[in-house]
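A short write-up of the structure that comes next.
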Amino acid sequence: MAFESKKLINNPNDVVTEFIEGLVETYPGLQYLDGFPEVKVVLRGDVSGPTYDKVAVISGGGSGHEPAHAGFVGDGMLTAAICGDVFASPPVASILAGIRAVTGPMGCLLIVKNYTGDRLNFGLAAEEAKSEGYKVEMVIVGDDCALPPPRGIAGRRGLAGTILVHKIAGAAAASGLPLSDVAAEARHACGVVGTMGVALSVCTLPGQPKSDRLGPGKMELGLGIHGEPGAVVADIQPVDLVVSHVLNRILSSETNYVPIKRGSRVVLMINGLGGTPVMELMIAAGKAVPILQLEHGVAVVRVYTGSFMTSLDMAGFSISIMKAEQAILQRLDAATKAPHWPVIIRLPRFLFQFPPSRSAKNDEVLSRPEQLNEQGRALEVAIEAAVSAVIQLKDSLNEWDSKVGDGDCGSTMARGATAIQQDLKKYYPLNDAAETINEIGSSIRRVMGGTSGILYDIFCKAAYARLKLNSQSDAAITPLQWADAFEGAISAVMLYGGAAAGYRTMLDALIPASTLLKQVRLELNI
């Protein structure tokens, strides 16, 4: 079957069923309810309703937001998750089956995102369960901060902040609290969290054509997790500006969506929407923390970064901010076996310093000697001649490289040669040949990127190590020692670079040079 969008699936109608099958195979603590696949309920494998002695915490909704909600089933979090079809509320029969399966004498709490379908289906299931004698309470999560008041009849949508509510309610239930108290903690958590998202593309439903609603170079602020239009479409901006705008909207004193003021402590969640690389999520997290602390005057005490509530393959992220009261932090930090809740080990932060070098001269600041000895003068002349030759060859090297590569070889080499030329006049301890070779490597490493820079640095470091082993700093390096160091440096490049003679690398120049050096040494008997 041909699809206009690319998806690694079988029949588009089976994606939810096959997702659940893979989930329970991956995590042995989870299982699906009898009646599967018509009844799509993921639950804890160690819970049986009639004998369960704690409050059951149940959530769910349309699929396509994975790992929400089934990935957060586990001791200390959700007891069961009810899975609807993609972006469709689960049917009442499935919700009721989940309630019956895991609810014991302590009752159950339903955590529902604020969408009409979810509210109606979970609400009807709750009423039917109550008529059967179950104790049931329901909490509605509406954490969306994209649109200013008035909020309309539907109110604010439920977004990624729901996952924080799951964790708080699940930890409260695991502690043995009664249903009324678990529900109270969940409702309080709903009132102190705000979320807003930004998307670079809309999601693609399985088996459906890819939407082009967002054109090139555009982003949408406040986009819903089902692909609903957001508050505004704008040109793509640097992530610093995007993060700043989102945080300003969430913490706006005009909307007053969350009771967070200057001096508050907060929890930050950066949530990927399904198609965003981890690198970009971490960049957003790294920018959000200082903006919150410096511009909004709040202390960020917990940061959760990853994909928690996605929208299939949507590119973008949402930011959730929750007021971090001590009771909330205790619930967030409580242990859980839910497979997709991040395990974070909190350690005190220290300012780590680089360990001292093992070089014999680690306490000495290297500098150019006031007076050069014979070896120092010879070394200076040789270095100056070499770097001048490299700089003069810059354009030719670039031209040759452009025929087989990206044409920057000469510029890269010249950058390294210039750094050596500058450092030679200031820092190189020329009377100590070994240390001078070591410093040449440091100069190269500082300015030359890519493979060549690190290989030249390895070359210098290996030569330095061999010279230190076979010579004394106050004695001139003999031709035999230079040849041995040269050969040792070539061996290190071969070892770490993986190349050999004939591979069309720098070795095809270095190895003949080493061979010639040996021949000259033998001919001169030195």
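The values are calculated or read from the model by the stated rules, or taken from the named source; none is laboratory data. Nothing here was measured: the structure is a model prediction, and the numbers come from that model. Cβ placement follows ideal geometry from the backbone for every residue including glycine, while neighbour counts extend to all protein chains displayed. The accessibility values were calculated without ligands, DNA or RNA, using every heavy atom of the protein model including side chains. Shrake-Rupley method; radii C 1.70, N 1.55, O 1.52, S 1.80 Å.
Per-structure values
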quantity	calculated
Restricting the stretch 33-44 to residues that are over 31 Å from the mean Cα position of the chain (by Cα) and under 19 Å from Gly104 (Cα atoms), the residue that is least open to solvent (accessible area, probe 1.4 Å)	Leu33
Residue count, the stretch 258-295 (criterion: open to solvent by less than 50 Å² (accessible area, probe 1.4 Å), within 12 Å of Leu247 (Cβ to Cβ) and in contact with a helix residue (DSSP H, G or I) (Cβ under 7 Å, 6 or more places away or on another chain))	8
Helices (runs of 4 or more DSSP H) contained in the stretch 387-454 and holding at least 2 residues within 39 Å of the chain's Cα centre (by Cα), closer than 26 Å to Ile477 by Cα and in contact (Cβ under 8 Å) with a residue 12 or more places away in the chain	409-424, 433-447
Search result, residues across the stretch 320-361 that are within 20 Å of the chain's Cα centre (by Cα), farther than 25 Å from Tyr27 by Cβ and modelled with pLDDT of 95 or more	Ile321
Subset of the stretch 2-22 that is aliphatic (A, V, I, L, M) and farther than 22 Å from Leu96 by Cα - its residue that is least open to solvent (accessible area, probe 1.4 Å)	Val15
Test: residue in the stretch 469-480 that is open to solvent by less than 60 Å² (accessible area, probe 1.4 Å) and part of a helix (DSSP H, G or I)	no
Some residue of the stretch 186-206 being touching a Pro at 6+ places or on another chain (Cβ under 6 Å) and at pLDDT below 95	yes
Boolean, Gly170 is assigned to a helix (DSSP H, G or I) and surrounded by fewer than 20 Cβ atoms within 10 Å (Cβ to Cβ)	no
Boolean, Thr51 is open to solvent by less than 10 Å² (accessible area, probe 1.4 Å), of a type outside the set (A, V, I, L, M) and farther than 24 Å from Gly224 by Cα	no
Any strands (runs of 3 or more DSSP E) falling wholly within the stretch 187-243 and containing at least 3 residues that are farther than 21 Å from Val112 by Cα	218-221, 232-235
